[in-house]
Amino acid sequence: VASDLDLPYSTMCVNILIDCSAFISDKNKMFNLLIICGLTDALTTLDIPYSAAVIGDQNFKAIVKPFEEPHSYRALQRISDCIHIKRFRAKLPGCIEYAINSMAFPNDERRNRAIFTFTDGLDENLVKIKGWSELFKYSQLSFGFVFIKSSELVRKNLVFLENIWDTFEKETNGKNSVVKVAKIYANLDTLGYLLELFENVMKRSNRIDE
């Protein structure tokens, strides 16, 4: 909720990372794009600048909308075009490191940054909890992961994967950076989970859930 935000909007900026892996279905990519359109419109209304990048395998990371470019439908069209590039599966630690080091705001006016990553949550690095500590050590950064579920993941496989996501969030959140996960399907029932994720990452009031 805007009135509960601990940090003033004038100190904040946002990075958006969009996974264009070939393993993510076109339906799920378009649903992610729908969410991103709403998110970027809301950020612009709140005068919070954002940059966006597409991510993929080790050699594929590219900023497609820098902070200096105003929000526009042309920028969203560029994002839409780029997410349909078919790449191999993204390695999330490298992608997050890229955002931290290469997507900072151009000056020191907005030192508090939220990094939202839209992906499928199938990266094996999510089980390597200790390896994330070097990335989640900055108190001025907060992280939101939107894991869109494949329709092919059912029953035991889905339960197993969701346990990995839950453990990842529990073990990494609140040590220094806020880390939140939203697990979604490509349907409108997921909007409540997304609203909660965006609020918690932007609000940044409770670093460790009680």
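Out of LEU7, LEU17, one residue alone is in a loop (DSSP other than H, G, I, E, B) and either open to solvent by less than 70 Å² (accessible area, probe 1.4 Å) or at pLDDT below 95 (or both). It is LEU7. Among the residues of segment 90-109, the one identified as open to solvent by 30 Å² or more (accessible area, probe 1.4 Å), in a loop (DSSP other than H, G, I, E, B) and closer than 15 Å to VAL54 by Cα is LYS91. Using the structure shown, decide if ASP108 is in contact with a Phe, Trp or Tyr (Cβ under 6 Å, 6 or more places away or on another chain), of a type in the set (Asp, Glu) and more than 17 Å from ILE16 (Cβ to Cβ). For ASP108, the condition - in contact with a Phe, Trp or Tyr (Cβ under 6 Å, 6 or more places away or on another chain), of a type in the set (Asp, Glu) and more than 17 Å from ILE16 (Cβ to Cβ) - is not met. Here GLY121, GLY144 are screened, and the one residue that is touching a strand residue (DSSP E or B) at 6+ places or on another chain (Cβ under 6 Å), of a type outside the set (Lys, Arg) and at pLDDT 95 or above is GLY144. In this structure, TYR50 does not satisfy being free of Cβ contacts under 8 Å to residues at least 40 places away in the same chain, surrounded by fewer than 21 Cβ atoms within 10 Å (Cβ to Cβ) and touching a helix residue (DSSP H, G or I) at 6+ places or on another chain (Cβ under 9 Å).
Being part of a helix (DSSP H, G or I) and touching a residue at least 12 places away in the same chain (Cβ under 8 Å) is the filter here, so list the residues in segment 136-169 that pass it. Residues satisfying the conditions are LEU161, GLU162, ILE164, TRP165, ASP166, THR167, PHE168, GLU169. Look at segment 85-110: where a residue is at negative phi and touching a residue at least 60 places away in the same chain (Cβ under 8 Å) and a partner is in a helix (DSSP H, G or I) and not small (Gly, Ala, Ser), sitting 6+ places away or on another chain with Cβ atoms under 7 Å, you get ARG110/THR11. The residue that is farthest from ARG111 (Cα to Cα), among those in segment 170-210 that are in a loop (DSSP other than H, G, I, E, B) and at pLDDT 85 or above, is ASN173.
Looking at the structure I just gave you, is ILE63 touching a residue at least 24 places away in the same chain (Cβ under 8 Å) and not in a loop (DSSP other than H, G, I, E, B)? Yes; evaluated as a whole, the condition is true for this residue. Residue pairs whose Cβ atoms lie under 7 Å apart, separated by 6 or more positions or on different chains, with the first residue in segment 21-32 and more than 13 Å from ASP81 (Cα to Cα) and the second among the charged types (D, E, K, R) and loosely packed, with under 15 Cβ neighbours inside 10 Å, are ALA22/LYS86. Among the conditions (1) open to solvent by 30 Å² or more (accessible area, probe 1.4 Å); (2) assigned to a strand (DSSP E or B); (3) not aliphatic (A, V, I, L, M), PRO70 misses just one, which is (2). Residue-level check: of (1) open to solvent by 10 Å² or more (accessible area, probe 1.4 Å); (2) at pLDDT 95 or above; (3) under 22 Å from ILE184 (Cβ atoms), ALA114 misses just (1).
The values are calculated or read from the model by the stated rules, or taken from the named source; none is laboratory data. Because the structure is predicted, anything quoted here is derived from the model rather than measured. All Cβ positions, glycine included, derive from the backbone under ideal geometry; neighbour counts span all protein chains shown. Note: accessible area is taken over every heavy atom of the protein model, side chains too, but ligands, DNA and RNA are not part of it. Shrake-Rupley method; radii C 1.70, N 1.55, O 1.52, S 1.80 Å.
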